[in-house]
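Novice: Questions regarding the structure given below will be posed in turn.
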């Protein structure tokens, strides 16, 4: 197996949210896994000053339901329909159920990722050309009311 390929895979795993990648090529198998941080070393959220206390919150102030759109299979995620084209959707875009919002390439086959409900895109979890695993969250929607 080419050492440059292994270096590229290590770089890919380190930059992506996936925790582990295993690949087999020409009879060689490589497994790359991130080390879990030691307990207690995760950053703690900073306190928010000037925000109203939870006890004084109005019951009418409800949160907007959010929905995750997940990768249906393992592959390479593309935000656009083709090389050099703009992303299909961006944060803030309103999408309809069934709208094409991404592409996954698996075994040289391109698979359309569609919105499974209407809403507004509030997060795009992966950059273009990222390796994703089946079940990874690709997009987060605020559901249309």
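Novice: Assuming R0 = 35 Å, can you tell me the calculated FRET efficiency for the pair residue 5 and residue 99, based on Cβ-Cβ distance, to the nearest 0.05?
Specialist: Working: r = 36 Å, r/R0 = 1.02.
Rounded to the nearest 0.05, the efficiency is 0.45.
Novice: Debye calculation, C-alpha points only, no solvent: report log10 I(q)/I(0) for segment 64-143 at q = 0.17, 0.20, 0.25 Å⁻¹, in the same order as the q values.
Specialist: -0.58, -0.80, -1.24
Novice: Right, next: Can you give me the Cα centroid spacing of segment 5-19 and segment 68-135 in angstrom?
Specialist: A separation of 20 Å, based on Cα centres.
Novice: Also, I was wondering about something else. Calculated FRET efficiency, residue 23 and residue 143, Cβ-Cβ r, R0 35 Å, to nearest 0.05? Could the numbers behind the result be given before it?
Specialist: Details: r = 37 Å, r/R0 = 1.05.
The calculated FRET efficiency here is 0.40.
Novice: Could you check the simple spin-label distance between residue 80 and residue 111, using points 7 Å along Cα→Cβ, in nm with one decimal?
Specialist: 2.4 nm
Any read-out appearing in this document is the output of simple, stated calculations on the displayed coordinates, not a laboratory observation. Quick caveat, the model's predicted, so the values are computed rather than measured. Virtual Cβ from ideal backbone geometry, glycine too; neighbours counted across all protein chains shown.
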